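Shown next, in structure tokens, is the structure this report addresses.
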Amino acid sequence: MSLIAGSYEKFIWGFKLKPLKHDQQTLILTPLFSYPSHISPITTAAASGPVAASGSADDTIHVYDIPSAASLGSLHDHSASITALSFYTPPSLSFPRNLISAAADGSVCIFDADPFVHLKTVSAHKKGVNDLTIHPSGKLALSVGRDECLAMLNLVRGRRSFFCRLGKEASLVKFDIDGDKFFMVTECTIGIHQSEDAKLVTELECSKRVLCAAPGENGVLFTGGEDRNVTAWDTNSGKIAYCIEGAHSARVKGIVVLNRNDGGGGGGDDPYLLASASSDGVIRVWDVRMAVKEKPNPLAETNTRSRLTCLAGSSLKSLKRPEMGKIVPKEEHDTAMEGSQD
């Protein structure tokens, strides 16, 4: 399992989570790479299988091959700061099929991921996009923006299919693992909605602003933010399942649910491992089963000594990993989106 972190100092950090040779129960975070990949602060990161991507205020997306710690090149299809990145990986594959990116000008770009080719740019919002999430089917995505609106994107046809005003600005949006529900975060409030009709089911109230969220198994939603805790919400009952209080000594900026065989769609051998990153540069890995009983100690920890802004995680399936190619100039390819999905 690998973790990718971006920082305000323009560095991208890569770590591999593995057990010690003499003690299989003890995990360590081994550095894979770290270098200044952008010319401006890194704002977002995503990872799936053997590939990762980072977006920056320099308007570019950089793509990496995790196992070889090599850069695959950069994408320059946005003309504003990159605000969100997400890979879509079908459950049957170990390599992502698409990369979806969003920017501060309200645009969303759809890329083919093998090779990385720009397919379509969609005008999703009138102002900047704050976050986006891809449905497990890979056919649609949701985005929220600074225009206080929610947009639904048809990823097969490459167009916006739904748009509505929320009356308040949402900072985060996430589908649950099954895609039956989605979560929207506004300051300290988490709204739980049905995916079928966007109906609000219930709202969760946090003590302080939520800065990151990640869905887990069995309807659990993990959140972190200015309270410096990692909180697990039972979205079925609308109550806190458990909380790692004081998980960090600074704001929690990223949370990743780690699975050995995630394939992009959840599930796996280790559904109890969780990674979190804070703005003071610390990354920690937790066994959330221990948090139910008492405050756990981190299974692994590292300090990048930088101001971290985002965190992404990936499970590697090296036996089925295809050969990864460099990014191909878009003028060499047809930009038609039709047929890019199942």
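The values are calculated or read from the model by the stated rules, or taken from the named source; none is laboratory data. Keep in mind the model is a prediction, meaning the values are calculated, not measured. Heads up, the Cβs are rebuilt from the backbone with ideal geometry, glycines too, and the neighbour counts pull from every protein chain shown. Surface accessibility is based on the protein's heavy atoms, side chains included, excluding ligands, DNA and RNA. Shrake-Rupley method; radii C 1.70, N 1.55, O 1.52, S 1.80 Å.
If you check L27 against the conditions, is it within 19 Å of the chain's Cα centre (by Cα) and either over 22 Å from V257 (Cα atoms) or of a type outside the set (K, R) (or both)? Against the criterion (within 19 Å of the chain's Cα centre (by Cα) and either over 22 Å from V257 (Cα atoms) or of a type outside the set (K, R) (or both)), L27 does not qualify.
Yes/no per residue for (1) assigned to a strand (DSSP E or B); (2) polar (S, T, N, Q); (3) open to solvent by 40 Å² or more (accessible area, probe 1.4 Å); (4) in contact with a Gly (Cβ under 9 Å, 6 or more places away or on another chain):
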| position | (1), (2), (3), (4) |
| --- | --- |
| F33 | yes, no, no, yes |
| G73 | yes, no, no, no |
| D105 | no, no, yes, yes |
| H125 | no, no, no, yes |
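The single residue among A170, A151, A232, A247 that is of a type outside the set (K, R), part of a loop (DSSP other than H, G, I, E, B) and touching a Phe, Trp or Tyr at 6+ places or on another chain (Cβ under 8 Å) turns out to be A247.
Please enumerate the residues belonging to the stretch 227-240 that are small (G, A, S) and touching a residue at least 12 places away in the same chain (Cβ under 8 Å).
The initial filter retains those residues of the stretch 227-240 that are small (G, A, S), namely 232, 237-238.
A232, G238 - these are the residues of the stretch 227-240 that are small (G, A, S) and touching a residue at least 12 places away in the same chain (Cβ under 8 Å).
Name the single residue that is most open to solvent (accessible area, probe 1.4 Å) among those in the stretch 207-226 being without any contact (Cβ under 8 Å) to a residue 40 or more places away in the chain and under 17 Å from A291 (Cα atoms). Only one residue fits best here, namely N218.
The rows are residues; the columns are (1) closer than 19 Å to T309 by Cβ; (2) crowded, with 20+ Cβ neighbours inside 10 Å.
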position	(1), (2)
I82	yes, yes
L85	yes, yes
P91	no, no
F111	no, yes
L119	no, yes
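Taking the conditions (1) open to solvent by 40 Å² or more (accessible area, probe 1.4 Å); (2) under 21 Å from S71 (Cβ atoms); (3) in contact (Cβ under 8 Å) with a residue 60 or more places away in the chain in turn, K10 satisfies each one other than (3). Restricting to the stretch 55-71, name every residue that is open to solvent by 10 Å² or more (accessible area, probe 1.4 Å) and in contact (Cβ under 8 Å) with a residue 60 or more places away in the chain. Scanning the stretch 55-71 gives D65, P67.
Checking the condition within 23 Å of A46 (Cβ to Cβ), more than 19 Å from the chain's Cα centre (by Cα) and not hydrophobic (A, V, I, L, M, F, W, C), which residue from R165, R160 passes? Please lay out each step first, then the result.
Numbers: R165 fails: within 23 Å of A46 (Cβ to Cβ).
R160 is the lone residue from the list that is within 23 Å of A46 (Cβ to Cβ), more than 19 Å from the chain's Cα centre (by Cα) and not hydrophobic (A, V, I, L, M, F, W, C).
Checked against the criteria, L204 counts as in a strand (DSSP E or B), aliphatic (A, V, I, L, M) and open to solvent by less than 10 Å² (accessible area, probe 1.4 Å).
So that you can scan it fast, the table gives a plain yes or no per residue for (1) at pLDDT 80 or above; (2) more than 26 Å from G6 (Cβ to Cβ):
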{"position": "K293", "(1), (2)": "no, yes"}
{"position": "E301", "(1), (2)": "yes, no"}
{"position": "R307", "(1), (2)": "yes, no"}
{"position": "L311", "(1), (2)": "yes, no"}
{"position": "L316", "(1), (2)": "no, no"}
{"position": "I327", "(1), (2)": "no, no"}
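Give me a count of the residues in the stretch 55-66 that are assigned to a strand (DSSP E or B) and not charged (D, E, K, R). Here the count works out to 6.
So that you can scan it fast, the table gives a plain yes or no per residue for (1) buried (at least 21 other Cβ atoms within 10 Å of the Cβ); (2) among the charged types (D, E, K, R); (3) in a strand (DSSP E or B):
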{"residue": "A47", "(1), (2), (3)": "yes, no, yes"}
{"residue": "A53", "(1), (2), (3)": "yes, no, yes"}
{"residue": "D77", "(1), (2), (3)": "no, yes, no"}
{"residue": "P96", "(1), (2), (3)": "yes, no, no"}
{"residue": "S101", "(1), (2), (3)": "yes, no, yes"}
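If you go through the stretch 140-197 one residue at a time, how many are at negative phi, among the acidic types (D, E) and open to solvent by 50 Å² or more (accessible area, probe 1.4 Å)? Total satisfying the criteria: 5.
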